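Participant: Let me begin by handing over the structure; questions about it come next.
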Amino acid sequence: MRVVRGYDAGIEAALTDKVTAERDEELRVFLSEARLVKDDFEIGELQKAVDSTVRGFEDVVKVLDKAEATSERYIEGTFFLRARVEGNDVGYGSICAAGPHACTLHWVRNDGPVRSGDLLLLDAGVETHTYYTADVTRTLPISGTYSELQKKIYDAVYDAQEAGIAAVRPGAKYRDFHDAAQRVLAERLVEWGLVEGPVERVLELGLQRRWTLHGTGHMLGMDVHDCAAARTETYVDGTLEPGMVLTVEPGLYFQADDLTVPEEYRGIGVRIEDDILVTADGNRNLSDGLPRRSDDVEAWMAGLKG
Ligand code: GLY
Ligand code: MN
Ligand code: MN
């Protein structure tokens, strides 16, 4: 007898003397690994979640002036409305991080000011009625136009994400997309004089991590961090297969009090996150309904704000 703990106290109590912790753990790992490859139904549900999420991001852009007049909460509430009307809920607490809040990784208080001239890092996902969730991030210029420095940082993250997405294909190691994205970020940080090269040394010592803060992605499905109980050899040390869905989400974050970077960088945080399906011959970006290139983001915002 085996039981997945933490869901039904009655079942757990009834089975106490018939199950062992070891067998329960075996079941937890098995179920997690069974979720690594999604079937067509699951991929369809994830696409629905992403499509609703795209509409939620559009809703947010249309009300940025109202958010400027109130707070980040207006953004959270706007996205939540879309999630509740079209889906079951949000898949996780929406991160609506304006200005320096973007540098706090899971900023979910969402009670700060929204100021023209700053960036808005919006990380949010609609969850469908079948509990599949999207996990998408865009970093938008609140005014509609990136400043020169914001664009420079944004474009570096974009290039890193492009390199990461290009490394997602069947047969690739799971770690490849992370390594590809980190290399681009390290190259830019050296180029900008923020860390001393050569790039190989930076990567070897992980010096770029001061500003990249988190891994480049994770499996996505019913949980936002899906398959978390899978063994290292089947997940992070594993190989990508058609049907896997993962996020590619590099970022650069310059804390407001980081005295190691020039003042103008401080308080800027950028992440771009998309949901990528591994296909038979490469990958498909399920969230390409939202623009990613900086000039496309600006044009998209201008169209929505009309
Ligand atoms: N939204 C949480 C994450 O990106 O992993
Ligand atoms: Mn994510
Ligand atoms: Mn996210």
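The values are calculated or read from the model by the stated rules, or taken from the named source; none is laboratory data. As the structure is a computational prediction, the values presented were derived from the model and not from experiment. Don't worry about glycine lacking a Cβ; one is built from the backbone with ideal geometry, like all the others, and counts go over all protein chains shown. For the accessible areas, the whole protein counts, side chains as well, though only heavy atoms, and no ligand, DNA or RNA atoms are used. Shrake-Rupley method; radii C 1.70, N 1.55, O 1.52, S 1.80 Å.
Participant: For the chain, take the longest principal axis of its alpha carbons; what is the angle in degrees between that and the long axis of helix 176-191, to the nearest 10 within 0 to 90?
Facilitator: Taking Cα atoms only, the helix is inclined about 20 degrees.
Participant: Rounded, prolate or oblate for the stretch 1-108? Axes are the square roots of the Cα gyration tensor eigenvalues, ordered a ≥ b ≥ c, and the cut-off for rounded is a/c under 1.5.
Facilitator: On the way: a/c = 2.93, a/b = 2.17, b/c = 1.35.
Judged from the Cα gyration tensor, the stretch 1-108 comes out prolate (a/c at least 1.5, a/b above b/c).
Participant: Which residue, R183, R23, R109, tops the fluctuation ranking in a GNM of the chain built on C-alpha contacts under 10 Å?
Facilitator: R23
Participant: Size of the dipole of the stretch 137-237 about the Cα centre, Lys and Arg at +1 and Asp and Glu at -1 on the beta carbon, nothing else charged, in debye to 20? Could you put the intermediate results ahead of the total?
Facilitator: Numbers: 12 positive and 15 negative charges, 30 e Å.
Rounded to the nearest 20 debye, it is 140 debye.
Participant: Choose one of V261, V195, P250: the residue whose Cα lies farthest towards the positive end of the charge dipole of the chain (beta-carbon charges +1 Lys, Arg; -1 Asp, Glu; about the Cα centre).
Facilitator: About the Cα centre, the residue reaching furthest to the positive side is V261.
Participant: When the helices in the chain are scored as -39500 (n - 2.57) per DSSP H run of 4 or longer and the sum is shared across all residues, what 222 nm value do you end up with, to the nearest 500 deg cm²/dmol?
Facilitator: -12500 deg cm²/dmol
Participant: Before I look further, what does the chain give for accessible area per residue, probe 1.4 Å, in whole square angstrom? Walk me through the intermediate numbers first.
Facilitator: On the way: 13910 Å² over 306 residues.
Per residue, the chain has 45 Å² of solvent-accessible surface.
Participant: Simple spin-label model, 7 Å along Cα-to-Cβ: R293 to D40 in nm?
Facilitator: So the label points at R293 and D40 sit 3.4 nm apart.
Participant: Ignoring ligands, DNA and RNA, please state the percent of accessible area on the stretch 177-304 from carbon and sulfur, probe 1.4 Å.
Facilitator: Numbers: 2570 of 5470 Å².
In the stretch 177-304, the share of accessible area belonging to carbon and sulfur is 47 percent.
Participant: On to the next question. Given a cut-off of under 8 Å on Cα pairs at least six residues apart, what relative contact order in percent is computed for the chain? Kindly include the intermediate steps, with their values, before the conclusion.
Facilitator: Values: 620 pairs, mean separation 62.9, N = 306.
Reported relative contact order: 21 percent.
Participant: Another question about this same structure. Give, to the nearest whole percent, the P(r) tail of the stretch 155-214 beyond 13 angstrom, counting all Cα pairs.
Facilitator: Working: 1016 of 1770 pairs.
When all Cα pairs of the stretch 155-214 are counted, 57 percent exceed 13 Å.
Participant: Starting from the stretch 7-84, pick out the chymotrypsin sites (Phe, Trp or Tyr not before Pro) whose DSSP state is loop and whose Cβ has at most 11 other Cβ atoms within 10 Å.
Facilitator: Working: sites: Y7, F30, F41, F57, Y74, F79, F80; in loops: Y7.
Passing sites in the stretch 7-84 are Y7.
Participant: Report the GluC sites (Glu not before Pro) located in the stretch 222-294 that are in a DSSP loop and have at most 10 other Cβ atoms inside 10 Å of their Cβ, or state none.
Facilitator: Details: sites: E233, E263, E264, E273; in loops: E233.
Hits after loop and neighbour filter: E233.
Participant: If I take every Cα pair under 8 Å that is 6 or more residues apart in the stretch 32-165, average their sequence separation and divide by the length, what percent do I get for the relative contact order? Mind dumping the intermediate values first?
Facilitator: Details: 219 pairs, mean separation 32.7, N = 134.
24 percent.
Participant: What does the charge count around P198 come to, taking other residues whose C-beta lies under 13 Å from its C-beta (Lys +1, Arg +1, Asp -1, Glu -1)? Mind showing how you got there, number by number?
Facilitator: On the way: positive: R183, R201; negative: E187, E191, E196, E200, E204.
Local net charge: -3.
Participant: Nothing charged except the Cβ atoms of Lys and Arg (+1) and of Asp and Glu (-1): what's the magnitude of the dipole of the chain about its Cα centre? Round to the nearest 20 debye.
Facilitator: Details: 34 positive and 55 negative charges, 69 e Å.
My answer is approximately 340 debye.
Participant: Any idea how far the Cα center of the stretch 49-75 sits from the one of the stretch 5-32, in Å?
Facilitator: Measuring centre to centre over Cα atoms gives 41 Å.
Participant: Assign unit charges at the C-beta atoms only (+1 for Lys and Arg, -1 for Asp and Glu), then state the dipole size of the stretch 1-122 relative to its Cα centre in Debye, rounded to the nearest 20.
Facilitator: 260
Participant: Within the chain, count lysine pairs with alpha carbon atoms under 25 angstrom apart where the residues are 8 or more positions apart or belong to different chains.
Facilitator: 10
Participant: Lys and Arg at +1, Asp and Glu at -1: add these up for the other residues within a Cβ distance under 13 Å of V37 and post the number. Display every interim value, and only then the final one.
Facilitator: On the way: positive: R35, K38; negative: E33, D39, D40, E42, D226, E241.
Local net charge: -4.
Participant: Compute the separation of the alpha-carbon centres of the stretch 286-306 and the stretch 122-196 and state it in Å as a whole number.
Facilitator: 16
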